[in-house]
Amino acid sequence: MLGHRTLKASDFAAIFKRRALWLIIPALLCAAAALTASFFIAPRYVSQTLVLIEQQKVSEDYVKPVIAADLDARLASMKEQILSRSRLQPIIEKFNLYPGAKMDERVDATRKNIDIKPIRSEISRANGLPGFFILFTAGDPRTAQQVCSEITSLFVGEDLRAREQSAQGTTDFLESQLAEAKSALDTQDGKLADFQTKYVGKLPGQQAPNMDMLTSLNTQLQTAAQQLAQMEQNRAYQQSLLSSLQSTATTRDATTGVLTASALPDERQTQLVALQAQETDLASRYTSDYPDVVSLKRQIADLQKQIKAKPAGTTAATGSGGKSTESPGVLQLRAAIQASDTGINAKRAELAQIQGNVRLYQERISSSPLVEEQYKALTRDQDTVKKNYDDLLTKMNESKMATSLQRRQQGEQFSLMDAANLPDSPSYPKRPIFGVAGAFAGLLLGLVVSALLEYRNTAIRSEDDVFAFLQLNTLIAIEQVGDRPLMPAYKPDAAAENKRGKRFRKPAPIAAEHS
Amino acid sequence: MNRTHQELLRAALEDSASADGMPVSTLPGPRLTADIAAAPVFAGDMPGVPCRWRASLIDLPSLQPRTAVAEQFRRLRSRLLEYRAQQPLKTILMSSAQPQEGKSFVAANLAVGLNQHRGTRVLLIDGDMRRYSLQRYLGAAFKPGLADYLAGTHAPEEIMQRADAATLEEFPGLAHLSFIPGGGMLEHVSDLSEDAHFGNLIRYVKPLFDWVVVDSSPVTLVSDAVNLARHCDGVLLVVRAGVTKYPDAQRAQAELQASNLIGAVLNAVEDRPAPSYYGYGPAGADA
């Protein structure tokens, strides 16, 4: 009644009991068929090796590994390389794998029969795996073992080669980069040196000394100016003395005997002295470009020209052959005055030099900000280049250490833990599994068939069916009678009954009765 | 037949005739009073002609007091008695959807089961006039029977059988059972089943028995059962477990829609475990 009404557990139990043979027989038959089929299937043997990945002997805090890429990615890459046609073809030809087929098909078949299974351990490092299995499946155990060994060798060799290549490649690359960085650093150093040469005294670090020097120069200037003023005062005094002496002295013209008045102190000289005193005073406060200073200098120069052209005390009556006679004091004064002039000129030169230096340092100080900006840019570039160089140098050294570690066999490497085993039994087909699978399939088939039969069988079987379909109460349910043996006490004694004369004559068939 | 019984029979006939509105004398079938005195049919107050019955215990397990099947029929008997306590129930028709579902088996065993209760008098009628089979269960003769009565050749008392002394000695459980076999083959069976003669027969025998069990034909194949059911107080639908399909059963139920369908009897249940409680079962007591 499956599918026609809601069934209870007892209904399912009855169905199961009713269809038990439909379940058991297909299960047995299919199990037997599967077992039989397993004997006709070509066996397959699997050989496997275990490769462990040993960590490098030196801590990574001290020496960084040559290859830092994820091991899973590297393993996948190695697998692709080893499973390439160029790598597999020699193995196929060596062991004559899958004879009779085309090489492409042989390569594909070989690839399908190679399996790489990583081992993942909870106690391994978080970003790596402790090792992997290499498996190869073949039709006979010896071939499986040999090919598995060959492939394992390929893996280990590939790993070593990759590491060496990586180490050398890294070193070479870093060397080239380092050379470039050094060249850039040298260039930058040159630029900085040129700049420092060009702007010597104006560099940011020299501003303080410049200020100090300027202060010193100003002091010197002030001192020199004071000295000059003093010297000019002395000269003026000497000049006044000389003028005074000359005014009292009588001078006779030797030729004519004419008494000439002595020359009076020249006002131009006095004016000259005054002007020079003014100049000195202004020079102590202003630069030589100051307008007043420039004007004074021009006046002084003009006056000096005039004095030179017509010196004081000189008269027109001086005839030819006339000859003056001066006292020694006058001569001394004249000498002193000359000396003072010399000193004054020297002092003025010194003053001018000091003023020049002051202007120089002032110019330096004023241009320092602009120079500083340029200097900073240069030093920043220089720092960057240097930092790059230092980094590269550090990496270079690390790479060399890692390469050295690798060469000493102390770096991370593949270690063959278990060599390829010789399989002693085929991995496929596993007959018990075949049997169980066949039984399960048969059981499933039996279930389907039983379900179908139950669905198609609409016969009433129980009181529940009667009520479900007829809404009638079942007054009684009579068990099957006929084949069930009678109670021994009521079993008729055939022999005794026969004595009574055909008492248990078999009833005539209905057809006879109706005829 | 003693005189008292004859008077009772006459009174019953008059009552039934008046209820139908048809004079008894016009009915061709039953010859009710003509040969009553002549026919030695009611010896021991039990209607019917004494006959030697060779009952089959395999077919009539109700004869065995301690079998599960007999217990089931006793339970059916109890259910019917419960039903009768609330509604009139004397004549019961056995029908089914298809042939070979156990109508005759149930009818025969029910009749035997009813018969064993406190001297209850039971009449078993083989109403399956197309394929009568009840005579096999009792080992009785199949003629004269209902067909002869309906054909008008025999009176009811002539077609009625009862167990003779020899049979009763062997099967005491058949003491109060009368049997009307099917009789010969008839033409126009449907017409006869529709006829009022069967109703007259039922009316005739009702006063004489406590129960009347009528076996009939499959209701979905022929109309006999429906016709006969009109004259019965109730109908039991026999369903054979694992054989009767529910569409057929539903169709049979629909055919008997106008009748009083009391319930169903589920026959030949295979999954029911044979009870051994108190020895009811093949491995029970009496072994």
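With the simple model of a label 7 Å out from the Cα in the direction of the Cβ, A:M417 to A:E373 spans 6.8 nm.
State the extension gain, in nm to one decimal, for the chain segment bounded by A:L447 and A:K17, taking 0.36 nm per residue of separation less the distance between their alpha-carbons. List each step's numbers first, then the result.
Working: separation 430, 0.36 × 430 = 154.80 nm, distance 1.24 nm.
Taking 0.36 nm per residue and subtracting the Cα distance, the gain is 153.6 nm.
Label-to-label distance for A:R161 and A:M211 is 7.0 nm, based on points extended 7 Å past Cα in the beta-carbon direction. In the structure displayed, which of A:K94/A:K430; A:K305/A:K347; A:K8/B:K245; A:K182/A:K202 lie more than 23 Å apart, Cα to Cα? In this structure, A:K94/A:K430; A:K182/A:K202 exceed 23 Å between Cα atoms.
Figure the gain on full extension for A:K305 and A:Q222 (residue separation times 0.36 nm, minus the Cα-Cα span) and round it to one decimal in nm.
Working: separation 83, 0.36 × 83 = 29.88 nm, distance 2.85 nm.
Using 0.36 nm per residue and subtracting the Cα-Cα distance, I get 27.0 nm.
Which whole number gives the average, over all residues in A:464-470, of C-beta atoms from other chains lying within 10 Å of the residue C-beta?
The shielding value for this peptide is 5.
Each residue, A:Y455 and A:N345, gets one label point 7 Å from its Cα in the Cβ direction; the gap between the two is 13.8 nm.
I need the fraction of alpha carbon pairs in segment A:34-193 separated by more than 24 Å, rounded to a whole percent. Intermediate results must be reported in sequence, preceding the final value.
Details: 6697 of 12720 pairs.
For segment A:34-193, the share of Cα pairs beyond 24 Å comes to 53 percent.
When each of the peptides B:155-164, A:269-278 is scored by how many other beta carbons lie within 10 Å of its residues on average, the order from highest to lowest is B:155-164, A:269-278.
With R₀ set to 25 Å, the beta-carbon distance separating B:Q100 from A:V436 gives a calculated FRET efficiency near 0.05.
Let me confirm one metric for peptide B:57-65, namely the mean number of other chain beta-carbon atoms within 10 Å of its residues' beta-carbons. The partial results should precede the final answer.
Numbers: counts 5, 8, 3, 1, 8, 0, 1, 5, 3.
That average works out to 4.
Within 10 Å of the Cβ of each residue in A:104-110, the mean number of Cβ atoms contributed by other protein chains is 0. Taking all protein chains as shown and a probe of 1.4 angstrom, B:F142 keeps an accessible surface of around 50 Å². Between A:F95 and A:K400, what FRET efficiency comes out of the Förster formula 1/(1 + (r/R0)^6) with R0 = 56 Å and r the beta carbon distance, rounded to 0.05? Taking R0 as 56 Å, the efficiency between A:K400 and A:F95 is 0.85. For the pair A:E80 and A:I25, a Förster radius of 45 Å applied to the C-beta separation gives a FRET efficiency near 0.30, rounded to the nearest 0.05. Protein-only accessible surface at a 1.4 angstrom probe places the residues A:F195, A:F40, A:F467 in the order A:F40, A:F467, A:F195, largest first.
The values are calculated or read from the model by the stated rules, or taken from the named source; none is laboratory data. Keep in mind that this is a model prediction, so the values were computed, not measured. All Cβ positions, even for glycine, are placed from backbone atoms using ideal geometry, and neighbour counts span all protein chains on display. When the accessible area is computed, the model is the full protein with side chains, heavy atoms only, and any ligands, DNA or RNA have been set aside. Shrake-Rupley method; radii C 1.70, N 1.55, O 1.52, S 1.80 Å.
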